[in-house]
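Chemist: Please see the structure below; I have some questions.
The values are calculated or read from the model by the stated rules, or taken from the named source; none is laboratory data. Remember, predicted model here, so these are calculated numbers, not experimental data. Every residue, glycine among them, receives a Cβ derived from its backbone with ideal geometry; neighbour counts consider all protein chains shown. Side chains are part of the model used for accessible areas, which takes the heavy atoms of the whole protein and leaves out ligands, DNA and RNA. Shrake-Rupley method; radii C 1.70, N 1.55, O 1.52, S 1.80 Å.
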Number of protein chains: 2
Amino acid sequence: MSNLLSHDVERSPQKKARQVEIEFDMPSNSLCNPMLTDMYQISMVYAHWLNEKVDQQAVFDLFFRKCPFNGEFCVFAGLDECIKFISTYKFTESDIEYLKELLPNAKTGFFDWLLQLDCSTIKIYAIQEGTAVFAKTPILRIEGGLGIGQLLETTLLNCVNYASLVCTNAARMKIAAGPTKSLMEFGLRRAQGPDGGFSASKYSYMGGFDGTSNVLAGKVCDIPVKGTHAHAYVMAYTSISDLNVTTITTVQHGKDVDIEFVQLVLSKRAELGYNDTNEGELAAFISYAQAYPTGLLALVDTYDTVASGVPNFICVSLALKELGYDSVGIRLDSGDLAYLSVTARTMFRDVDERLSLGECFVNKSIVASNDLSEDVILSLNLQNHDIDVFGIGTNLVTCLKQPALGCVYKLVEINKTPRIKLSQDLEKLVIPGKKSAYRLYGENGRAVVDVLQHHDENPPQVGVKMLVRHPFEESKRAYITPYKVKPLLTLVWDGIRSVNSTATNKTEQLCTPIPSLDSRRSQCLAEVAALREDHKRSVNPTPYKVSVSESLYKFIHELWQENAPIQNL
Amino acid sequence: MSNLLSHDVERSPQKKARQVEIEFDMPSNSLCNPMLTDMYQISMVYAHWLNEKVDQQAVFDLFFRKCPFNGEFCVFAGLDECIKFISTYKFTESDIEYLKELLPNAKTGFFDWLLQLDCSTIKIYAIQEGTAVFAKTPILRIEGGLGIGQLLETTLLNCVNYASLVCTNAARMKIAAGPTKSLMEFGLRRAQGPDGGFSASKYSYMGGFDGTSNVLAGKVCDIPVKGTHAHAYVMAYTSISDLNVTTITTVQHGKDVDIEFVQLVLSKRAELGYNDTNEGELAAFISYAQAYPTGLLALVDTYDTVASGVPNFICVSLALKELGYDSVGIRLDSGDLAYLSVTARTMFRDVDERLSLGECFVNKSIVASNDLSEDVILSLNLQNHDIDVFGIGTNLVTCLKQPALGCVYKLVEINKTPRIKLSQDLEKLVIPGKKSAYRLYGENGRAVVDVLQHHDENPPQVGVKMLVRHPFEESKRAYITPYKVKPLLTLVWDGIRSVNSTATNKTEQLCTPIPSLDSRRSQCLAEVAALREDHKRSVNPTPYKVSVSESLYKFIHELWQENAPIQNL
């Protein structure tokens, strides 16, 4: 389905090279630097510095408490930008000058400390990008000094939250559309500014979309770029006489030959009796075909889809056909998309029959756009639409149903002492301590449960029955005998490697190279396919269980007892 | 109210200089360049180029069809980035190389044309940033070649849509909170990546917020930066013995003097009988006070707001007071914010009475955060909360209630011929032709109606009765005798000035300098204050009327008759 929209592009070796260069260097956005943080991170770290705590060894977990979109899964994305941020972390002199204005009473030693700070003392453990993740399981575990660990919070959250949200949204739309349909991202104009649009294009592609309209994202990330034309193009023509060029350039025997095209189209129009169609629209389609003889995908709803747009498209396509070119199809951007797609397909079938063209028109591509969403696609499915490609903008990039993923970043251990955050809200409890996370699989190869443990507990063993518990609710516990055990968190950044070895460059600190966007996309598609169907349902999906070991359960509840004050009633 | 949160900053002259430098130079985001566009813009322009149409004179309108948030007003923002984009518009050689890959069959002359393209042949008319705008009124009118005009569409929409949306959201929250409350933007971690967060900070401030937590936005845009501390800070301390430093540095007779502070706090705690509070939390507040003796704003809900957080804050504040420092206040981040704010205020009043402190505690600032929104603030108002400052993140930056503004960019005239776009959906009709827009005011000085006219009609006259009509509905028309008439669209960019004059730099092309962010903020506050109350209601607001002159009304309907095909039933 990859050539359903015009201007599909071969991936050239040059572009691959370009991608790698950027992937391992700076963050995609120059704004993504240590100053892109909340003031309180810097305020807190100054107080820690003053109290000689910045070098205390701390562990932070990054996780979310609830899957997005009333769903029961999320796809992790954004690790690439996290690593690029980490690997280039450095305050500039100008940053320090500004921070001195913000903290006029702070001691100068603090600013000296900030100026030399980088991420060469931290380790980051992460789940692989494109993996399905669930509430409470740590996605990132950051180990290192309390100071630097605290300073990373906001930017890491900023890099993970939206990336994972839009990737998950894309994956859900892919599920809704089904495996035989193509999905295009058209959201740049409605995203949160330039790199809202850029991130949306990148992570939608990772989530399973087939291309984007965003040229910059195509250039930087090697995503297939697609596009047709807009209403403005159609409106730029009022009549056939607006056509300054009436010929089309075709190649015959290796040579460019100009052939009269307008008269050919008009003769087809007369033959079919389509005399009442809008003439400006016809002129626009002709001119588009002149520019893209092999790529005509016509937007047919500027004046009237059935009475004008589709007939005009058929006229121009017939003329192209006579010259040996196949047009691509049509795009619908308003009205009843299910009805119009079925009607257009019927008109195509009728032309095939009337002119004995075989299956020339009936297999043309029908693209639909206009406020599509997961729910609209599911509703169109019920109406037996005949759409081949969905172009989705606003609802994809804004994640209308839930426009923010609530990842948080919590201190769970300091100086090897686990820390707990209590809260008036039970669901805001944090699972304390440095933890490992495992995914346990059942006999059928499907994931059954995630288990969090103390990092020094023995991992779950294949074939060995173990008790797993809900971290907070005493009544929820179960036995499981795993058929496969997968450790979820792996070391992706080891700043210390550059100090302890002869390594001098950042790729040495990067333990696992960042996979290409295409391989992360494949990972995501495979992960989502492997999820149990009931976890993926759009309505009332079954929750996937994230549990803790018996030992961690006991520990959490002892620590809670110790820390929660008892009120006097 | 500007010093209610700690780390408020004086605006220094250096920062003003920095702001101006950036304001008139490059877009804030390096991603904001001519490649940040939809592929179809480039495809269409190639087809236009081939048909020798790129230099035809065109007029495009940028407008929206529905005010956001079920409201009846919107505040225009984002013109600054539009102008920066326009003034630096230029494809690079590397861009052209990539575009050649995307359009392998395009003639090379097209790429030569693209490479020399800039915005020196266009004019942009715009409404002033910070002005209240309404559905259908053009916000920007772009005049120039069809090619360059078409190429600007996506990026201009990207720059205007989110900026105006979040600015309007901020303005609505300001209305909900009321004039005596302060509002802080805390949304960086939930925004759409780095400059989603950056734009949110900038345009929320413009909409009436008092500060941001975003350090980078503070540095670049000269916005007051605020911050307190997080739960992680409290959790970094388990007991008093974690305090590596027990003194506080005060200034006496111009000299730094270290005074024992921990014992002083513990003596206050014993005096008040607050023995059951969490000791780690107390240690954290002590250390924060040591770092910021004049800026203690304590997050009090880590363990228990009433039983631990507020009492610990009181102990530390009393010790600070003895040394001559006033603490700032507390922040609530969970639980029943109305109840907790009232309870905390009562506890403050009680301490004042018990220790005969006058109004020492009762006037401390109470900051609330945790999923606040316009609706939550309105609900808190009904419960008689006692909150002074609202810290708002997710709901502000994601614009949860409506995460995209639907601005569109439409061709309305070409070669002096007005163009109309019909549609299956009546509301998607476009008002054709190059138009002027006027705001008409009534006797009380309030805006009554916007009138769109042919650009060559005589402007509405003060004191002269005129007929205004709904653009599409025949039954809606009215007379008005304006007391004041304000032209809405003014020339902000005149590319041709550089050709016709001796000007060599871009500021010559900029007809109106971009006002500072502070003056745009003042404009916005004044505009919103001047709006009629019924247009600002959160529920069922009265629609503001956008109308057309009698002459334009007739013209629209004639053109519609001409262009709409008549179906055979």
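Chemist: Check A:294, A:302, A:247 and return the single one that is open to solvent by less than 40 Å² (accessible area, probe 1.4 Å) and β-branched (Val, Ile, Thr).
Modeler: Answer to the selection: A:302.
Chemist: If residue A:138 meets every condition in (1) in a loop (DSSP other than H, G, I, E, B); (2) open to solvent by 10 Å² or more (accessible area, probe 1.4 Å) apart from one, which number is that one?
Modeler: It is condition (2) that residue A:138 fails.
Chemist: Residue under question is residue B:389, and the condition is that it be hydrophobic (A, V, I, L, M, F, W, C), under 30 Å from residue B:334 (Cβ atoms) and touching a helix residue (DSSP H, G or I) at 6+ places or on another chain (Cβ under 6 Å); does it hold?
Modeler: no
Chemist: Here is a further query. Considering (1) among the charged types (D, E, K, R); (2) open to solvent by less than 40 Å² (accessible area, probe 1.4 Å); (3) outside any loop (DSSP other than H, G, I, E, B); (4) modelled with pLDDT under 95, say which one residue A:439 fails and leave the rest.
Modeler: It fails just one condition, (4).
Chemist: Just for region A:60-98: of the residues that are in contact with a Lys or Arg (Cβ under 6 Å, 6 or more places away or on another chain) and open to solvent by less than 10 Å² (accessible area, probe 1.4 Å), which one is nearest to the other protein chains (Cβ to nearest Cβ)?
Modeler: Filtering first and then ranking leaves A:98.
Chemist: Let me ask something additional. Of the numbered conditions (1) in contact with a strand residue (DSSP E or B) (Cβ under 6 Å, 6 or more places away or on another chain); (2) more than 7 Å from chain B (Cβ to nearest Cβ); (3) surrounded by 24 or more Cβ atoms within 10 Å (Cβ to Cβ), residue A:217 fails exactly one; give the number of that condition.
Modeler: Here residue A:217 clears every test but (1).
Chemist: How do the helices (runs of 4 or more DSSP H) wholly within region A:334-435 filter down when requiring 1 or more residues that are touching a residue at least 12 places away in the same chain (Cβ under 8 Å), over 30 Å from residue B:393 (Cα atoms) and within 9 Å of chain B (Cβ to nearest Cβ): which remain?
Modeler: Because the criterion is at least 1 residues that are touching a residue at least 12 places away in the same chain (Cβ under 8 Å), over 30 Å from residue B:393 (Cα atoms) and within 9 Å of chain B (Cβ to nearest Cβ), the helices (runs of 4 or more DSSP H) in region A:334-435 that meet it are A:337-354.
Chemist: Oh, and also: I need a count of the residues in region B:414-428 that are surrounded by 18 or more Cβ atoms within 10 Å (Cβ to Cβ) and at pLDDT 80 or above.
Modeler: 3
Conditions tested, residue by residue: (1) of a type in the set (D, E, K, R); (2) touching a residue at least 12 places away in the same chain (Cβ under 8 Å); (3) in contact with a helix residue (DSSP H, G or I) (Cβ under 7 Å, 6 or more places away or on another chain).
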position	(1), (2), (3)
A:181	yes, yes, no
A:195	yes, yes, yes
A:229	no, yes, yes
A:251	no, no, no
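Chemist: To continue, here is another question. Suppose we filter A:233, A:162, A:125 for residues that are more than 9 Å from chain B (Cβ to nearest Cβ) and of a type outside the set (A, V, I, L, M, F, W, C); which single one remains?
Modeler: A:125
Chemist: Looking at (1) under 20 Å from the mean Cα position of the chain (by Cα); (2) open to solvent by 40 Å² or more (accessible area, probe 1.4 Å); (3) at pLDDT 95 or above, which is the one condition that is false for residue A:524?
Modeler: Unmet for residue A:524, out of (1) under 20 Å from the mean Cα position of the chain (by Cα); (2) open to solvent by 40 Å² or more (accessible area, probe 1.4 Å); (3) at pLDDT 95 or above: (2).
Chemist: Return only the number of the condition from (1) away from chain A (no Cβ under 14 Å); (2) open to solvent by less than 10 Å² (accessible area, probe 1.4 Å); (3) more than 30 Å from residue B:491 (Cα to Cα) that residue B:179 does not satisfy.
Modeler: (2)
Chemist: Taking into account only those residues within region B:540-569 that are in contact (Cβ under 8 Å) with a residue 60 or more places away in the chain and in a loop (DSSP other than H, G, I, E, B), which is most open to solvent (accessible area, probe 1.4 Å)?
Modeler: B:543
Chemist: Moving on to the next point. Could you tell me which of the residues A:411, A:405 is touching a Gly at 6+ places or on another chain (Cβ under 9 Å), open to solvent by less than 10 Å² (accessible area, probe 1.4 Å) and closer than 30 Å to residue A:146 by Cβ?
Modeler: Just a single option satisfies the conditions, and that option is A:411.
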